[in-house]
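Pasting in a structure now, in structure tokens, and then I'll have a few things to ask.
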Amino acid sequence: MKFLISLLVLLLLLLGSVIYIFSTSNVTVIPSFESNESSEQNLSNPKEVETRFQNEYFESKWEDTKEKLDQALEKYTELDRTQEGNFFWDKRASLKDELNAIFKELITELHNEHIDEYKEEIAGIREEINEDRIQIKEYRDEMKEAPKESYVSTTVEEYKEDIKEVQKSIKEKQQYIANREENIHVYFYLLGIELSYQKISVLSTRSDFHYIHENALLLTMLNTVVKKMLKNLKLAHYSYAATRYYHNMNRIIFELIIYQQNRYIQRIEDKEKGYIAQLNNLIAYNKELYESAKSDIKRAKHAEDKKIHKSNMKATTLFIKTAKKYKKDMLQQRKRLLKARIVADRHLKLSQKRYRITLSSLEVLKPTRDLEKVLKKIMHQYLKEIDLSFESQAVAKRYLKITKQL
């Protein structure tokens, strides 16, 4: 009984989130559902809403996706038949580049730019909140010297009113951020990926959020592809041609997933432009600033100068600490990606084997794997165990600042 009550409460919360987004969002992230039924009836079942969203969004992308996958299949088949290149021209490498170009186009065409806009919007508003907090501090400092009554200077009461106005503005901005994070939460839920609000809040401050979003879209689209292929297989009564096409397309699906995983990993570990390299540069630069401030303290003759240099040391220490946490987060994500790539690579090998058996023996090998389950497993590998906490508000602010520098 308790389980049923808990389940009912969860469904009501999800339903409330979906209704809230549909009623308050100014930007269309979730497509509208054309129906003669009332909106309450349309939203009465969260799973139904999820299915309808996926059908609407990914159906609109289906023709272009199929065209790109078939183009990739042609290149891949040609790659199968091509021998190793010679000194003058490596045809296999050329075909591989062409295949990757098709994959990149497919991923780009799937992209939903609204979520990137939300992330940028949230980051901008967080910066405004930081500036507002600095303004409050300045008002409070100035208030200490302000007169109680004056016709020419700002009074204590006027400063108090100014502080209240800024505090009110901060609350409104925080609520706006919460609304946007709610949008992202529901959006991912409708992609079939359940993330806590805390995870959404942390992910929206990270520089690799773009890749996480791309992977979510890609894997959901590939789920749609798998469902359509299985449906066509049944309609074709598992004919040899349809089954061979299915196993061949399985190879493309996992090649595409590995291609995207490699792009993500490369963005993290590239020796010049990768996140780790940039973070190492930021850490090294701030260590130099720290040592410089340390030397300045020794040389300083006035107490006020020493105070400024100590403040600089404190700021650089906090920045270095935050950058090291950021680096640790990126290294952990790289580790998760490598584990997910092992899963994808194993299933690519299985697909290769089944395709070749079907090709050589003319035997009809019916699908035996639950590919939808495999694709979800790969996606959750990217997202599990993400660090959800910041030691302090100061660390969270600098984490966001580092994101803007990467």
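Taken together, the values in this text are just the output of simple stated rules run on the coordinates, not laboratory data. Just so you know, these numbers come straight off a predicted model, no measurement behind them. Virtual Cβ from ideal backbone geometry, glycine too; neighbours counted across all protein chains shown.
Could you name the lysines whose alpha carbon sits less than 23 Å from that of K164, not counting residues in the same chain fewer than 8 places away?
Answer for K164, where 23 Å is the Cα cut-off: K137, K144, K148, K173, K397, listed by chain and number.
Taking the highest mean first, how do the peptides 211-217, 300-306, 152-158 order by number of other beta carbon atoms within 10 angstrom per residue?
Output ranking for 211-217, 300-306, 152-158: 211-217, 152-158, 300-306.
On to the next question. If packing is taken as the average number of other Cβ atoms within 10 Å across a peptide's residues, how do 203-209, 315-321, 75-81, 219-225 rank, most packed first?
219-225, 203-209, 315-321, 75-81
Let me ask something else about it. ³J(HN,Hα) across the stretch 354-366 via Karplus (A = 6.51, B = -1.76, C = 1.60, θ = phi - 60°), whole Hz, x for Gly/Pro?
5, 5, 5, 4, 4, 5, 8, 9, 6, 8, 7, 9, 5
Between E372 and Y240, 0.36 nm times their residue separation minus their Cα-Cα distance comes to what?
Length difference between fully extended and current span is 45.2 nm.
Let me ask you something else. Which peptide among 239-252, 170-183 comes first, and what is the full order, when sorted by highest mean count of other Cβ atoms within 10 Å?
239-252, 170-183
Output ³J(HN,Hα) for the stretch 237-244: one whole-Hz value per residue in order, computed from phi by the Karplus curve 6.51 cos²θ - 1.76 cosθ + 1.60 with θ = phi - 60°, and x for Gly and Pro.
6, 6, 5, 4, 5, 5, 5, 5
Oh, and also: How would the stretch 191-405 be classified by its alpha-carbon gyration tensor: rounded, prolate or oblate, with rounded meaning a/c under 1.5 and the a/b versus b/c comparison settling the rest?
Prolate.
Could you give me the ³J(HN,Hα) list for the stretch 177-185, computed from phi with Karplus coefficients 6.51, -1.76, 1.60 and θ = phi - 60°, whole Hz, x at Gly and Pro?
Listing the rounded values in order: 4, 4, 5, 5, 5, 4, 4, 5, 4 Hz.
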